[in-house]
1. Please report how far the C-alpha centroid of the range B:95-122 lies from that of the range A:175-199, rounded to the nearest whole angstrom.
2. Identify all lysines with a Cα-Cα distance to B:K137 below 20 Å; exclude those on the same chain that are fewer than 8 residues away in sequence.
3. Using modelled amide H (1.01 Å from N, peptide plane; none on Pro or chain starts), what sits under 5 Å from the amide H of B:T145, excluding residues fewer than 5 places away?
4. Only Cα pairs within less than 10 Å get springs; with that Gaussian network setup on chain B, which residue of B:E32, B:E166, B:E57 has the largest fluctuation?
5. Is the protein assembly as shown best put as rounded, prolate or oblate by its Cα gyration tensor, with a ≥ b ≥ c the root eigenvalues, rounded for a/c under 1.5, and otherwise prolate when a/b is larger than b/c, oblate when not?
6. Using a Gaussian network model of chain B with C-alpha springs under 10 Å, which one of B:S110, B:S139, B:S90 is most mobile by mean-square fluctuation?
7. Could you give the size of the charge dipole of the range A:70-186 about its Cα centre, using +1 on the Cβ of each K and R and -1 on the Cβ of each D and E, expressed in debye and rounded to the nearest 20?
8. Please list, in order along the range B:39-46, the HN-Hα scalar couplings obtained from phi with the Karplus expression 6.51 cos²θ - 1.76 cosθ + 1.60 (θ = phi - 60°), rounded to whole Hz, x for Gly and Pro.
Amino acid sequence: MNTEDIIDTLAGIEPGSALDAIRAHRLQARENAQKSYLSLFEPIDASEFSLAERAAVAAFVTGLHGESPVASFYREKLAATTDGAALVEAILVEIERGRTSGPYGAFPAGPLSIENKAGLIYRVSAERKPELGARLVAAFEHAHLLVFRPRDAASADMKALLAAGWSTTGIVTLSQLVAFLSFQLRVVSGLRTLAAANA
Amino acid sequence: MSTAVNPPAVFTQDELDWVSWIDPLPEAELTERHFAGLVDRARAKSEYFRLLVRDPEVLEARTRTDKDIFYNVADGLPRAERELAAAATSRYNGCIYCASVHARFASTYSKRRDDVQRLLDKGVGTDLGERWNAIVKASVALAATPIAFGPDNVEELRRAGLDDAEIVDVINGASFFNWANRLMLSLGEPSK
């Protein structure tokens, strides 16, 4: 089991630094953000969502946020998996196709409709579908929805994942993984920005 | 399930229900591994937690992260302003359910119910005074993709009187709601 704190590593927080001391005041949060990472990427049971699939979705999601130490970390993680290494190039192409700015999407019809904002509805390109396979194609399209337009999510999106072979438990873990990365990327980015402002 | 749903069309501080689009575990099937994941046994009554407990390890770690970021107020940012960061993030991402819960908490702890309601009604650009504006703006910058939080946000938070430990609480609170919003928005929907 990996014991180094992944947020500290990705944010470049050195032991004994001011931010290290601040993070020590939220020790439960720090330790459980780490446990969340481990339970998603070194799970007890990967039968519903394989390690290579987890790494592939993570590389895609973090890449959609732009290049960063977090994105390169998950890309390397993917390259290190037996089944995932061959997918790195295809995923880089899909990241370029999917990159945009969010959040956008539609609110429930009513007074909020004036805030509706149209944007890219991402679909995996036809030429890369055979390489990624039905499960990852559905996972990437769902992950893009969650990254950029979470308010557009609908029950039909659950049906699309189930139809592509995802179990209900697998959907829960997939959702947690995409949502957790949304958190981890922001904590790392926020802490790096704060550290730079102090430098 | 969807026949019983009466989705709210506006942001509100009222108590809402939340209905899952996929099957939660039945209460009768929960094992000790699941109860460990729920952290609080009473959560077995909640459809949301009985769905998330399908992956008990990540639910447990996430719940403990949440509790420390929001409830550990021995130092750092006052609870009201952590809740403000959560409510502003939810307003911006469009999570009516999360916004209802955390706007309510922000109102309770700040006693500024009308200001909180204005955030819900008018959106994240509304004027709430220097300190709250800085927290809302930082939360929104963190929620944007690509992430837009930068040195200007840090400077603005400092001008509003926040020290680095408090700024870390803003970062944690706002970042955490990018996790929470995506679960609540994608696995089910709110109901009045």
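1. 25 Å
2. B:K137 reaches A:K117, B:K122.
3. Those qualifying (amide H under 5 Å, at least 5 residues apart or on another chain) are A:G102.
4. Taking springs between Cα atoms under 10 Å, the residue moving most is B:E32.
5. rounded
6. B:S110
7. 220 debye
8. Karplus-based 3J(HN,Hα) across the range B:39-46 equals 6, 9, 4, 4, 5, 4, 7, 8 Hz.
Every number here is computed from the coordinates shown, using simple stated rules; none is lab data. Source: prediction; values computed, not measured. Every residue, glycine as well, gets a Cβ built from its backbone with ideal geometry; the counts of neighbours run over all protein chains shown.
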